Structure formats: C-alpha cells, structure tokens
Amino acid sequence: MQGSLAATAMLIGFVFVLAAMVVGYGIAVSSALKHARRKAEGAWQALEAALQRRNQLTGELAAALDRDQARVAEVQRLAAEAKSVRLHAEADRAMRAVVTDLARTGEGDAALRAELEAAESALDQASADYNAAVRKLNTVITTFPSNVMAGFMGLLPLSTFPPDAPESR
C-alpha cells in the first residue's frame, strides 16, 4: 500500500514537472514570437520613414528642377494612400523611376542630390533590415512547434518588401 502511494506521488510529481516545463516552453515561445513581431513592426516603421524621406526629397528636387512635379505629386499620393506592402512596393517602383529620370537631367542642387542619394541608401538598408526581420519571423511562425503557438496568437507570415523580392536587391 505504501509503495503504491509513493509511486502515485512520484507520478503526480512527474506530471506536475512535465506540465510546468510545457507551460514554461509555451511562455518562452510566445515571448520569442512577440519579440520577432515587434522587431518586424519596428523595421517596417523605419522602412516607411525612409520611403517618406525619399518621397519628400524627390518632390523638392522636382521643384528645384521645375519639372515632373505633377508626376511626383501623383506618386507621392499613391505612396501616402498605400495600406499594404504590395501597394507600398508599387509606389516605391514608381518613385524609383521618377528619381532615375530626375537624376539623368544633370542639373539642379548638388546638396539636394546628395541628400537624395543618401535617402536611397537608407531606403535600401531599411528594406534589407525589414526583409531580414520578416524572414526571421516567418521562419519562427512556420516551424514546429512554435507554429502551434503562433496559430493560437493569430500570427500570419508577413510579405517582404517588395513582395516576393529576391534575397538581395
């Protein structure tokens, strides 16, 4: 009888320790998922800021050169109204075309052009940082067993910028 009681107590203790380990693991996975999501959101905010800065400088350059202002205004409107990664990427492609056209003119404010080049570099870096954060988050979200916790949390994979971009731009 006493041996049976000791075995039952050991079994209950084992189940309790196992349950505590599962709960601890769940908390750790949840924390890692939240951290990866916050990092991706922060990288997206930095990318949006870089896009806005580049758009602002492009408008200033177009005004300084007194050309393509209507085209720049239309692309800036598209960028401001973009609500998804895909729409932001379309506006980015259109703005890159405007920047390329404006850069070909060879005239205008050299300091403004240098700022625009720096903004393009910052945009490329912000895009790379965002894509790295998204790849890390998507890996965690789609890998067992963290995908179970991600499902409970309602996390879905995010799109890279631009969507379906190759690893390097």
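Summary of values
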| read-out | value |
| --- | --- |
| Extension reserve of the His35-Leu156 stretch, reckoned as 0.36 nm per residue once the Cα distance is removed | 42.1 nm |
| Choice from Met149, Met21, Met95 with maximal GNM fluctuation in the chain (Cα, 10 Å cutoff) | Met21 |
| Given charges at Cβ of Lys, Arg, Asp, Glu: the stretch 2-153 dipole, positive-most of Gln56, Ala132, Val15 | Val15 |
| Relative contact order of the stretch 2-153, defined on C-alpha pairs under 8 angstrom at six or more residues apart (%) | 36 |
| Counting all C-alpha pairs of the stretch 2-153, share separated by more than 25 Å (%) | 51 |
| Helix runs (DSSP H) in the chain reaching 15 Å along axis by Cα, Kyte-Doolittle at least -0.5 | 2-65, 69-81, 85-104, 110-142 |
| Dipole of the chain, positive direction: furthest Cα of Ala94, Asn147, Ala40, with charges on the beta-carbon | Asn147 |
| The stretch 12-77 versus the stretch 113-166: alpha-carbon centroid distance in Å | 7 |
| Charge dipole magnitude, Cβ of K and R +1, D and E -1 - the chain, Cα centre, debye nearest 20 | 760 |
| Gain in span if fully extended, Met21 to Gln56, counting 0.36 nm per residue against the direct Cα distance | 7.4 nm |
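Since every read-out is calculated from the coordinates, none of them should be taken as a lab result. Remember, predicted model here, so these are calculated numbers, not experimental data. Backbone-built Cβ (ideal geometry, glycine too); neighbour counts: all protein chains shown.
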